[in-house]
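Taking it in order: structure first as structure tokens, then the write-up.
The values are calculated or read from the model by the stated rules, or taken from the named source; none is laboratory data. In this text, all values refer to a predicted model and were calculated from it rather than measured experimentally. Note that each Cβ is placed from the backbone with ideal geometry, even for glycine, and that neighbours are counted across all protein chains shown.
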Amino acid sequence: MLLTVLSVQAMSHKRRVTTSTPALFNCNPPVLNVLIKMTNEGKSHYTIHFTSKALSLIEHNCNMQDPEQVKAFIAKRNVSNGYKRNLCIAYNKYCKYYGITWNMPQYLPEGKAIKIPTKEKVEMLIASARKPLSIKLAISKETGLRPIELCNLKVKDVDLEQRLIYPTTAKNGSGKVPKISNSLKETLAEHMDTHKLNPNDKLFKGNADDYGKHYRAMRNKLAEKLHDPTIKNIRLYDLRHYFATTLYAKTRDILLVKQQMGHKKIETTLIYTQLLNFNDDEWTCKTATNIQEATALIEAGFEYVTELDGTKLFKKRK
């Protein structure tokens with residue numbers, strides 16, 4: 001009876017809440033009630049979106065009123081412990097809402113090393129993609145934005161004059177303002193002009209799921225074309241890891257990486273300091289004979305090395 005009453009209430013609220021919370025679309029009323037409560041509690045779009053997908057998956061395969069059946073379904077899934085844990089957390093929200101008693105399984109995420117794609121393969125993927133996918137991939141590479149953060153960008157979030165992006169951070173992370181290259185700035189300006197976008201328009205159509213689906217299709221096609229199965233192992237999220245690792249390699253500034261990644265804890269950021277063994281022999285060398293030249297090199301990320309015969313030597317990793 002409780003489910004029926006709440007379901008009717010959910011349907012009456014559906015039109016109002018789905019406008020600002022896309023994750024609520026296409027949910028059955030019992031699940032929708034939980035998502036509405038999360039929305040009213042100010043939970044992040046990322047959390048609501050995942051909970052929606054997780055509960056819909058469970059609902060499609062299980063009797064939601066039978067915790068033991070749900071436990072068995074989650075246990076038999078051929079997925080990581082981390083994903084199983086997230087499914088349990090989502091179902092736990094459902095149980096709390098409807099007063100269902102269950103003992104939530106404790107899945108401990110496996111310790112798994114993050115693999116970073118090479119610069120060559122990242123650039124190959126971008127070059128192989130058509131617009132607007134190629135533009136999205138370039139943004140992922142240069143800013144480290146999460147797919148959901150990138151897909152939620154509006155035109156007004158991009159400052160082309162200063163080459164800055166002001167995203168809404170997912171996972172309740174700290175704020176960040178990544179900077180983009182001149183070439184990406186020009187590409188984005190052309191994209192906005194071609195599609196006649198206004199400040200409040202979304203920068204790209206679709207959501208993070210669409211982004212991932214289109215990327216995987218392009219990636220797999222490229223892997224087959226080049227007969228290189230390793231390309232299929234490059235996840236969309238790996239471009240974020242690539243950004244963090246290369247930023248640390250260039251700056252050796254862990255706090256900057258933490259800020260640009262939007263991490264709350266420094267422990268999360270520290271993972272990226274040990275992922276790649278960069279070849280210390282790969283340097284670009286520059287010289288400066290006056291203060292203006294030296295200042296320009298430092299602003300460009302070069303490190304001072306020494307001085308010979310009145311000429312200052314600087315270096316920067318390639």
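Table for the structure above
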item	result
Of all residues in the stretch 265-294 being among the charged types (D, E, K, R) and part of a loop (DSSP other than H, G, I, E, B), the one that is modelled with the highest pLDDT	Lys265
Subset of the stretch 248-261 that is surrounded by 21 or more Cβ atoms within 10 Å (Cβ to Cβ) and under 16 Å from the mean Cα position of the chain (by Cα) - its residue that is farthest from Glu120 (Cα to Cα)	Lys258
Count of the stretch 295-314 residues which are over 35 Å from the mean Cα position of the chain (by Cα), assigned to a strand (DSSP E or B) and of a type outside the set (D, E, K, R)	5
Failed item in (1) buried (at least 20 other Cβ atoms within 10 Å of the Cβ); (2) over 23 Å from Asn233 (Cβ atoms), with Leu145 passing the rest	(2)
Any hit, the stretch 112-121, residues being over 20 Å from the mean Cα position of the chain (by Cα) and within 30 Å of Thr246 (Cβ to Cβ)	yes
Total residues in the stretch 114-128, condition in a loop (DSSP other than H, G, I, E, B), in contact (Cβ under 8 Å) with a residue 40 or more places away in the chain and surrounded by fewer than 19 Cβ atoms within 10 Å (Cβ to Cβ)	2
Identity of the residue in the stretch 48-97, aromatic (Phe, Trp, Tyr) and more than 15 Å from Leu35 (Cα to Cα), that ends up surrounded by the fewest Cβ atoms within 10 Å (Cβ to Cβ)	Tyr83
Breaking point among (1) more than 24 Å from Thr169 (Cα to Cα); (2) among the acidic types (Asp, Glu); (3) crowded, with 16+ Cβ neighbours inside 10 Å, for Glu224	(3)
The stretch 297-318 residues that are assigned by TED's automatic domain parsing to the domain that holds Thr246 and modelled with pLDDT of 80 or more, paired with ones that are among the small types (Gly, Ala, Ser) and assigned to a helix (DSSP H, G or I) (beta carbon under 7 Å, 6 or more apart)	none
Residue match in the stretch 198-205 (condition: touching a Cys at 6+ places or on another chain (Cβ under 7 Å), part of a loop (DSSP other than H, G, I, E, B) and either at pLDDT 95 or above or of a type in the set (Val, Ile, Thr) (or both))	yes
For Gly175: the one exception among (1) under 16 Å from Asn152 (Cα atoms); (2) in a loop (DSSP other than H, G, I, E, B); (3) modelled with pLDDT of 95 or more; (4) of a type outside the set (Val, Ile, Thr)	(3)
Number of positions in the stretch 193-202 that are out of contact with any helix residue (DSSP H, G or I) (no Cβ under 6 Å at 6 or more places or on another chain) and in contact (Cβ under 8 Å) with a residue 24 or more places away in the chain	3
